[in-house]
1. Report the FRET efficiency, 1/(1 + (r/R0)^6), for Asp224 and Thr204, where r is their Cβ-Cβ distance and R0 is 35 Å, rounded to 0.05.
2. Ile429: net charge of surrounding residues, Cβ under 13 Å, Lys/Arg +1, Asp/Glu -1, itself excluded?
3. Shape call for region 135-240 from the C-alpha gyration tensor, a ≥ b ≥ c root eigenvalues: rounded (a/c under 1.5), prolate (a/b greater than b/c) or oblate?
4. Using a 1.4 angstrom probe on the protein heavy atoms only, line up Phe147, Phe368, Phe380 by accessible area, largest first.
5. Less than 17 Å from a label point 7 Å out along the Cα-to-Cβ axis of Arg146: which backbone N atoms in region 197-224 qualify, by residue?
6. Test of understanding: what is the full-extension gain from Glu386 to Glu51, defined as 0.36 nm times their sequence separation minus their Cα-Cα distance?
7. Which lysines, on any chain, are close to Lys13 with Cα under 27 Å apart, when same-chain ones fewer than 8 places away are left out?
8. Kindly state, to the nearest 0.05, the FRET efficiency for Glu357 paired with Leu304, given R0 = 41 Å and r defined as their beta-carbon distance.
Amino acid sequence: MTIGSRRRIDREKLFTVISDYAGASSDQAAERMFERDKASILDLGLPLRTERDVLDENTVYYRIDSARSAAVLDLTTQEYTVLLAASRAWDDAAAGGAARRVRSKLLSLGHDADPDLLRRTPRGAVESLPVLSPLLEAVTAGTTVRFVYRGTGGAPAERIVEPWVVGVHDGHWYVHGWDRDRQAPRVFRASRIESYPSQAGAATHPRPEQVDLSDVLERIDASDDQHVAQLRAAPYKALELRDRAGAALDAEQFELPRMPRPAARRLVLGSVRWLELTSPGPWREELAAVLDGIAASHEGEGDLAPVEVAAPRPAARIRTPSTGTDHLSRLISVASYVMNRGEVDLSELAGALGVSEKTLITDLQVLFVCGDMGTGWEDFIEAEWEHGTVRVRNAEPLRRPLRLSSVEITALLAGLAALEPTAGQAAHIVAGAREKLLAAASAPEAAGGSSQQAAGESAESGAPAPTDALAAESAADRTAGRAEAVLSAVQTALRTPDDRDPAAQVMIRYSAPDRPGTSVRRIRPLRIETDGVRSYLLADCEQAGAQRRFRLDRIVELPPDEAEQHLAESGPGPDLSGRVEGPVWLRLEPPARWIAESFDAAEIRDGRDGDSSLAYVRMDSPVRAALIDAVLESAGSAEVLAPRELRDMIVTVTRAAAARHGSPDALP
């Protein structure tokens, strides 16, 4: 009754004709429903206004203020294009409300995207989880949430948390806040939440004025034993450590910044195939002992007997509720999108909104009953879709696009953060779009929050905006400077449509993770992809004669055409290339549980008698080199049980690394 109306609506009539209000168990229940619905309308960004009759103070009317500015954000076509790409970084089917709404609201702006820029913008995904929307909303509104969480100990338990900040760190979502049960601040990884967060009242614990998510996570590895680690590494290898140290790609010796021993050990073990820790001496001795332990645990056949009796862990099934707010947002966006274009192809509109044509037709049928109440059929919105072309008429109040809420702005900022490391020549466009989003988030009427009162209460409490957490640097951010020249060449090639044009091809030097040295390849870039943690280049490779994916942070330089391969002695070590054929079983202790998440385990079984602190995990055809590095990084908390061939490879690799650390004069 509200959308599309050009007249004021009488509150008393609303309570009479809307069945949920009229049939409520009490007047108080009807009022609560009414206030909830008003909050939802405001959250959509609709400028709902309350007016009293000048002759009768007891008569209250509601209307949509048509005098509001039509511009949600003053965007250029290029800025709109990168925001549209950022919205598509989310899997709206998995992430839920905010992701669903933000895409439809952007479409309601009436812009046409730049097709060339859209083609060059990375395709990919931020970690999309159904729990994110209620967590972000709790931060914005200053409320408490209740959810089931499976921590590193393995057993699920209900937690009641007052969220302070929700943000992305190294491609994964975290929530940091006050844990009521433990009466202390805690950090929760969003992917380990196994139920849809429900509201549990208002937050009561004082919130800190500033929360730096990156700093909070780094303190988890805090230790009094801190030093500057000295390393010797093979040229063009251990790239992440070189980026942290600011070392040249071919430097044989460099040092890491001062850091706690646990953090340094994890980093060094993850790249230990290519390097040697030369000092501090005690750290070196510990590293050798850890490597010897990993090798010893993988000698001979693995014990699969516990796997047979372990109980399969049921996968967490979190139902993402599709709310009336989500549906109404899409409904209004359909009308605005079509009216701003005159007419739109049915299949094109369904594809833009990410819904089926059947669902879209259902939306259009609902538009028929929207408009002015009780004034005749001629005042209702008209929609038609015959012959596959959609037209909408008599809906001028809906031509104005919806405003973005602070939660939806946060969703877009997360998408931009995932795209930025591979933006290349479009980096200034991404930066401009981010500035406008942040300005909209800090505006007095901040993009249609659930209510002005809620926004004011959040500000008075000193709560940081949810966007503050998105400043945390990811691994991809740290390598962006090194990749600037690569990205520029790739973007130029993507802009060149003719395969025969020399500008359409790029010469790269690539440091593969499974073999020593580097290779030089001539490629034809096709597109850039990102998974929220790492970015990849899909290209036609002249050397392979087929399409290949290259991790952008492993393209170390753009050599001249006459460049040669950088070869290194591979020695007698095993061949770590490709994927492991068939299933791989691992035994994971709590500190290594992240391996199951990173490799998207096909099956998880809990230990004997339901001991969920010990997990047995099955992976189907994982990447061999990446899995071996993960087992080494876990420092003995992970053991490969099968196949035997992979166990033998781990023994060979770890014995060689341990031998390098047996003498200070050893070379990698």
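The values are calculated or read from the model by the stated rules, or taken from the named source; none is laboratory data. The shown structure was predicted, so the numbers you read here are calculated from the model rather than taken from an experiment. Note: ideal-geometry Cβ built from the backbone for every residue, glycine included; neighbour counts use all protein chains shown. Heavy atoms of the whole protein, side chains included, go into the accessibility calculation; ligands, DNA and RNA do not. Shrake-Rupley method; radii C 1.70, N 1.55, O 1.52, S 1.80 Å.
1. Computed FRET efficiency for Asp224 and Thr204: 0.55.
2. Net of charged neighbours comes to -2.
3. Prolate, since a/c reaches 1.5 and a/b exceeds b/c.
4. These residues rank, largest area first, as Phe368, Phe380, Phe147.
5. The answer is 197-204.
6. 116.6 nm
7. Lys38
8. 0.25
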